[in-house]
Structures are given as structure tokens and as C-alpha cells.
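Let me begin by presenting the structure, written as C-alpha cells, before commenting on it.
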Amino acid sequence: MKNARNLKDLGDLIRLVRKKRNMTQEQLAKRCNVTQVAISKLETGQGATLQVFVQVMKALEVELSLKDIEKIDTDNLLGMIE
């Protein structure tokens, strides 16, 4: 098990959930009232505001508390959303 260590790991989780929901970056951006570039930067760990992160998590209907972040298993991201 490898725990989430950085924004890139969280971005991987967001990308996986978005794809599981059959959404494009553009569709998610529209739902969050942000640009597609903001979604791309979030998913690739290049940075995003906490506000954008929260909006995306809400749009994807994912609940994640701060204490849960350290428990994210980046070797088994699919296991988290199934």
C-alpha cells in the first residue's frame, strides 16, 4: 500500500472518479463553474485552489475528510470508489 503523498495522488483519484462517472474534463469544469484548464491542473497535480478542489469533489459526489486523505491507497484507487 502506498499512501497519497501529494496533490498528484489526489489528482489521480479525481481523474479516476471523473472517468468512472463518464464525464469529460469540460463537463466537470462546467458543473463546477471553472475552466477545463483548472480541472486539468488539478488532475495533474499542477495546483488548484482549495475552493476548486471542494467544488470538484462535490460535483463528483465524493466525500473525503482530511483524516481520510492519509488513508488513500494509491496502489488501489479503484477500490476506493467501487
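Across segment 9-24, computed HN-Hα scalar couplings (Karplus, 6.51 cos²θ - 1.76 cosθ + 1.60, θ = phi - 60°) run 5, 5, x, 4, 5, 4, 4, 4, 5, 4, 5, 4, 8, 6, 10, 8 Hz from first to last residue, x flagging Gly and Pro.
What the phi angles of segment 36-52 give under the Karplus curve with 6.51, -1.76 and 1.60, with θ = phi - 60°, is a coupling list of 5, 4, 4, 5, 4, 5, 5, 5, 9, x, 7, x, 6, 6, 4, 4, 5 Hz, glycine and proline written as x.
Every number here is computed from the coordinates shown, using simple stated rules; none is lab data. Computed from a predicted structure; not experimentally measured.
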